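Undergrad: Structure in structure tokens, see below.
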Amino acid sequence: MRCVNLRKFIARLIVVDNLLPLNKNTQAIRDAFDNRKSALRNGTSRKQVKSVELQKALERIERLDAENQRLKNENEALLSQFVRWAYNAHSK
């Protein structure tokens, strides 16, 4: 009985500590969560204005900034993956 619990515990640690590779969707969700969490932590919040048009423009700017940051992070991850592939191809 104790061995079964230990195996479950180890399996849980592996998943929680990112020792297993995540699929693409899971990683994208985690990255989006981390980006939003850091934006909230840094004090990036929506400004309230009286003009509806200005409020919509600010929301659009905020959404585009978030998308821009997400794309920069994704590009950085892809570049590091490419460097790893190039190194592995060169070393064979």
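Each row is one residue, and each column tells you yes or no for (1) assigned to a helix (DSSP H, G or I); (2) small (Gly, Ala, Ser); (3) exposed (fewer than 11 other Cβ atoms within 10 Å of the Cβ).
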position	(1), (2), (3)
26	yes, no, yes
33	yes, no, yes
37	yes, no, yes
40	yes, no, yes
49	no, no, no
57	yes, yes, no
62	yes, no, no
65	yes, no, no
68	yes, no, yes
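Undergrad: Here is a follow-up. What residue, among those in region 58-84 that are of a type outside the set (D, E, K, R) and over 16 Å from the mean Cα position of the chain (by Cα), is nearest to residue 33 (Cα to Cα)?
TA: Initially, region 58-84 is screened for residues of a type outside the set (D, E, K, R), giving 58, 61, 64, 66, 68-69, 71, 73, 75, 77-83.
Within this subset, residues satisfying the condition of being over 16 Å from the mean Cα position of the chain (by Cα) are 58, 61, 64, 82-83.
On the way: 58: 21, 61: 19, 64: 16, 82: 24, 83: 26 Å.
Result: 64.
Undergrad: Go through region 10-50 and count every residue that is at pLDDT 65 or above and farther than 24 Å from residue 68 by Cβ.
TA: Residues that pass the stated criteria total 2.
The values are calculated or read from the model by the stated rules, or taken from the named source; none is laboratory data. Please read all numbers here as calculations on a predicted model, not as lab measurements. Backbone-built Cβ (ideal geometry, glycine too); neighbour counts: all protein chains shown.
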